[in-house]
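Quick notes on the structure that follows.
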Amino acid sequence: MEFLLWNTQILVLHSSSMTNATQDLFYFILTGIPGFEDSHIWISIPFCCLYTISITGNTTILTVIRKQPSLHQPVYLFLSMLALTDLGLTLSTLPTVMQLLWFNIHKISFEDCFAQCFFLHAFSFMESSVLLAMSFDRYVAICHPLHYNTILTNKVIGRIGLAILGRSVLAVLPSLFLLKRLRFCRSHLLSHSYCLHQDMIRLVCADIRVNSWCAIAVVLLTVVMDPVLIALSYIVILKSIVGTASWPEWLRALNNCLSHMLAVLVLYVPMVGVSMTHRFAKHASPLVHVIMANIYLLAPPVMNPIIYSVKTKQIRQGIFHLLLQRKVH
């Protein structure tokens, strides 16, 4: 409550100092957990645990794959990309969230906010692209097993990785470039503890139709297209094994795809939940929107290492081998 009163005073002073409502902003104010400002230090405990699990889990996955020559295969190289993306997604929000909860620092500069927005959205799009690439890997492994190593060579995987990186950067830059050209004059209070494009654009006092069309195009070409293509890949896989595979082969194919399917659900179910909340629950408590946004950003980085550690025998064996090596030393 004290923070809200303090922030209201800032907004009043800021509004009174503006001329013709066109003064640019040089900083933004981040919001913590609405209604629980006095409990931020306690709320930081579960957040700290989730960030620790994410960083430890994804770092372990990367270490195991790097140190085990038997895991230098296409499927595990794609898993490395996923772990790197999850680390980037975690580290992009960690500084502002924890400094807000621990030290009550709500202010973030204009440049830092745009930088965080870029990395946050780029890694989000990258996560979706990596999962799409992993679905292609599963399609080749099941439908063309004899040509798996000749189709997915290290050179091809490297090109796919570069394509994912380029696609994610190009998906984010136009929207941010268009946003940065506009003038912010309505407020400087963001509704989350990190900077999101859809949150920042609400503060613009200019025509945002071009920005909206650009954002829609990006969403259609990434967030919508990727799960559709992933679903199509699984439809093709099912068609290829229906009537030709025995029951053990069915189970083997399902087991090979299960980890990837769970990772897809962990990403897209919260994403759909956030979209539905923004569209159909606009008048819901701000706390609901904040919780949904944090689930969307933290669920994949936290759950993916757990899913692949539990469901992938080779990863489990690599982790045990790594732990045994540390005990010996």
Scanning segment 186-214 for residues that are buried (at least 17 other Cβ atoms within 10 Å of the Cβ) and in a loop (DSSP other than H, G, I, E, B), the one farthest from the chain's Cα centre (by Cα) turns out to be 187
In segment 155-176, residues that are touching a residue at least 60 places away in the same chain (Cβ under 8 Å) and farther than 16 Å from residue 134 by Cβ total 1
Out of 297, 265, which single residue is within 17 Å of the chain's Cα centre (by Cα), loosely packed, with under 15 Cβ neighbours inside 10 Å and either among the acidic types (Asp, Glu) or part of a helix (DSSP H, G or I) (or both)?
265
Considering only residues that are in a helix (DSSP H, G or I) and in contact (Cβ under 8 Å) with a residue 12 or more places away in the chain, which ones fall in segment 67-79?
67, 70, 71, 74, 75, 76, 77, 78, 79
Quick check, is residue 132 within 17 Å of the chain's Cα centre (by Cα) and assigned to a helix (DSSP H, G or I)?
yes
Between a residue in segment 80-93 that is free of Cβ contacts under 8 Å to residues at least 40 places away in the same chain and any residue that is β-branched (Val, Ile, Thr), which pairs come within a Cβ distance under 8 Å, given they are 6 or more apart or on different chains?
80/61; 80/65; 91/55
Which condition does residue 117 not pass, out of (1) in a helix (DSSP H, G or I); (2) in contact with a Phe, Trp or Tyr (Cβ under 8 Å, 6 or more places away or on another chain); (3) in contact (Cβ under 8 Å) with a residue 40 or more places away in the chain, if it passes all the others?
(2)
Residues being surrounded by fewer than 17 Cβ atoms within 10 Å (Cβ to Cβ) and either at pLDDT 95 or above or not in a helix (DSSP H, G or I) (or both) - total across segment 170-185:
2
Quick check, is residue 163 within 27 Å of residue 250 (Cα to Cα) and at pLDDT 95 or above?
no
So residue 278, is it surrounded by 14 or more Cβ atoms within 10 Å (Cβ to Cβ), at negative phi and at pLDDT below 90
yes
Those residues that are in contact (Cβ under 8 Å) with a residue 24 or more places away in the chain and within 15 Å of residue 111 (Cα to Cα), I need them from segment 177-189; list them, please.
178, 179, 180, 182, 183, 184, 188
Is one or more of the residues making up segment 215-223 surrounded by 13 or more Cβ atoms within 10 Å (Cβ to Cβ), farther than 29 Å from residue 263 by Cβ and over 17 Å from the mean Cα position of the chain (by Cα)?
no
Filter result (among the small types (Gly, Ala, Ser) and at pLDDT 95 or above) within segment 58-87:
80, 83
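The values are calculated or read from the model by the stated rules, or taken from the named source; none is laboratory data. Note that the structure is predicted; figures quoted are calculated from it, not measured. So basically every Cβ, Gly included, is an ideal-geometry build from the backbone, and we count neighbours across all protein chains shown.
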